[in-house]
1. Could you give the Stokes-Einstein D for the stretch B:8-101 in µm² per second, using the C-alpha Kirkwood radius, 4 °C, 1.567 mPa s?
2. Report in % the part of the accessible area of the protein assembly as shown that belongs to carbon and sulfur, leaving out ligands and nucleic acids; probe 1.4 Å.
3. Taking accessible area as the heavy-atom solvent-accessible surface of the protein chains with a 1.4 Å probe, which residues of the stretch A:5-41 lose no less than 40 Å² upon going from the isolated chain to the full protein assembly?
4. Rounded if a/c is under 1.5, else prolate if a/b is larger than b/c, else oblate: which is the stretch B:66-199, with a ≥ b ≥ c the root eigenvalues of its Cα gyration tensor?
5. Would you tally the net charge around A:N127, using a Cβ to Cβ cut-off of less than 15 Å, leaving A:N127 out, and scoring K and R as +1, D and E as -1?
6. Rounded to the nearest 100 Å², what is the sum over both chains of accessible area buried where A meets B, with a probe of 1.4 Å?
7. Quick check: Cα centre of the stretch A:161-183 to Cα centre of the stretch A:230-250, how many Å?
8. Run the reach check for A:K148 against aspartates and glutamates, Cα to Cα strictly under 19 Å, same-chain hits fewer than 8 apart removed. What comes back?
Amino acid sequence: MSDLSVNIGDLRLANPILAASGTFGYGSEVARLYDVNILGGIVTKTITRAQRPGNPPDRLAETPSGILNSIGLANVGIDNFISDKLPFLRSLSTSVIVNIAGESIDDFLFLIDRLEEHQGIDGYELNLSCPNVAGGLDFGIDPKLAGKIVKETKKRSKKCIIPKLTPNITDIAVIAKAVEDNGADAISLINTIVGMSVNVSTKRPKLGEIMGGLSGPAIRPVALAMVYKARKAVKIPLIGIGGISSVNDVLEFLITGASAVQIGTFNFVNPKAPIEILKELEQYLETNNFTSVKELSGSLITR
Amino acid sequence: MNVSHPLFQRSCTLLKSTQLSSKTYQQEYVFPELAKISKPGQFVQIRVSAEYSPLLPRPFSILNVNANQGTLTVLFKIFGEATEILSRKLEGETVEILGPLGNTFELNRIKKLFLVAGGVGIPPIYYLLQTIDMPRYDISLFLGAATKDDLFLREEFNNMDIEKSFSTDDGSYGTKTLITVPLEDALKRGFSSSKACILSCGPMPMLAEVQRLAQKYKVEAQLSVETIMACGIGICQGCVVPLHGNTKDAKKYTLVCVDGPIYSRDELIL
Ligand SMILES: Cc1cc2nc3c(=O)[nH]c(=O)nc-3n(C[C@H](O)[C@H](O)[C@H](O)COP(=O)(O)OP(=O)(O)OC[C@H]3O[C@@H](n4cnc5c(N)ncnc54)[C@H](O)[C@@H]3O)c2cc1C
Ligand SMILES: Cc1cc2nc3c(=O)[nH]c(=O)nc-3n(C[C@H](O)[C@H](O)[C@H](O)COP(=O)(O)O)c2cc1C
Ligand code: FES
């Protein structure tokens, strides 16, 4: 048996296949179909200070090899998360990463402080793809702000802090470097890419919010290039996200330099995709005589 | 959400595909686990292609199941790419199906049923009629569609011993009117309100009118809605419809795939 475990900072994941935020609910939904403990980890839907109803419909539109969404971070809020969702997550043996977002650095710290009072959480993913109300810009495109959030959250928790970067930026390497310099344990990338689609017969945008986030296989080459750029810029582990649908896609990200990956949109296409891909990854490692999946990470040959 | 509610996903073989009209197909698939437990009003997600186009599975109401033979039947109209691909599937081919999804009609204490269905909303009503003991109820059926071709299963319904009215937008079958017109006539004639209920599936404008009539004539109603879906199991938050009032828990929207597709009369803003 090849060793599937990977290390993300101090966090040891049983395998490199995780479920991405916003595409796996709070874990219990998919547990109706299979034992989610098989996964390397679960990243929760983004949790905010207050409950968020989300954006008006329509929130989804299919595009070539992808989907656009304008969910609007609909979530139960921190109180309901702790009382209703965390007990199930805590009962799991797989790693649980809670994804959080706020409109200010204070919001992020408030959320970490609340979550630190509870058992069953293995790390935090910081969703930086959201507007900073004070500054107007997304946290994820301002290296100073992104760095500051990481630095402050690191002071509040000993657990793994993983900023999740937005691709809607000129140079991802700058942000990657800023969060590494401020103590990030790892980096997740990428979140969705800004996109839009129009219904020609009604002349209306397909999404209620007009623009939304593109995900799915359509964005995979973009995500891969960003992992490549970030890999060259930083030393901390990278978690690759974007359009993963098969073991081949996972291998692309690992070879390019990711230590682990998250599966997002494909949970909607085939809810069992993560465990099917994990099985194929195991077979691949066996067949190709890898003693550990870690050997693959960053094995890209560029000349 | 009811986590204990069983859910299955499997590759299902197409046993029988029947073209009902130029754009309508009825298909029977092998799915024994689902056939044992599904209920009228529930739906399935069918992934019509292993490729990226179309990427997402599509929701279809369950038309019927055969628990003994372990089969599931759906009826669909060609709208776009997914339904087009599905229509071309050959007997013996397989597709991935996930289900059963969603909730079911609640018939407790009801004696008088007004069944109102339009277009692709007809299948759940057909399924319901297959599962209930019809003589125990006083049933009035109202079926509407754009054209005769879209009045699916009209012969099967015609053979049922219940009161029925058909209508089409173009008058090619039944009366040339909206189905809610004969419904209102029937409601005007009177009924025992404590034991009556309207069950309705169909396009949003039809459901909005059914909701209005049910409120006006003070009769209970259960309305089954359709929205655009991605996952079908509550993990994407995409399939929302706005809820009335209920500001107490700041719940503005409901997830149709897990909390619906069937809602009581006053719950939704249609
Ligand atoms: C709970 C539920 C049960 C359904 N049951 C049936 C059924 O029994 N038989 C049947 O024929 N159809 C049913 N439908 C509708 C069916 O899912 C769509 O016709 C199908 O998704 C169309 O896919 P397509 O790729 O062929 O067309 P697409 O190209 O995806 O769609 C064609 C057009 O319809 C729009 N559209 C797609 N899905 C929906 C939707 N759900 N609501 C409103 N507009 C939509 C698209 O935006 C597009 O403009 C049901 C839908 C739901 C939500
Ligand atoms: C419907 C939907 C909801 C999402 N919600 C969140 C979210 O709440 N927080 C977050 O950090 N990312 C969210 N994402 C982004 C995904 O986690 C992921 O980064 C992105 O979709 C790219 O991966 P994919 O192509 O595999 O889906 C969401 C994506 C989708 C499609
Ligand atoms: S379709 Fe995904 S939550 Fe309903």
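1. On the way: Rh = 13.0 Å.
In µm²/s, the coefficient is 100.
2. Working: 11770 of 23430 Å².
Accessible surface attributable to carbon and sulfur in the protein assembly as shown totals 50 percent.
3. At a threshold of 40 Å² (probe 1.4 Å), the residues of the stretch A:5-41 that become less exposed are A:E29, A:R32, A:L33.
4. The shape class here is oblate.
5. Details: positive: A:K45, A:R49, A:R52, A:K164; negative: A:E103, A:D107, A:E125, A:D138, A:D142.
The answer is -1.
6. Numbers: alone 13320 and 13050 Å², together 23430 Å².
Roughly 2900 Å² of accessible surface disappears when A and B pair.
7. 14
8. Leaving aside aspartates and glutamates fewer than 8 places away in the same chain, those within reach of A:K148 are A:E103, A:D106, A:D107, A:D113, A:E125, A:D138, A:D171, A:E180, A:D181, A:D185.
The values are calculated or read from the model by the stated rules, or taken from the named source; none is laboratory data. None of the values given here were measured: they were computed from a predicted structure. A quick note on method: Cβ atoms are made from the backbone with ideal geometry, for glycine too, and the neighbour counts reach across all protein chains shown. Heads up: the accessible areas ignore ligands, DNA and RNA and are worked out on the full protein's heavy atoms, side chains in. Shrake-Rupley method; radii C 1.70, N 1.55, O 1.52, S 1.80 Å.
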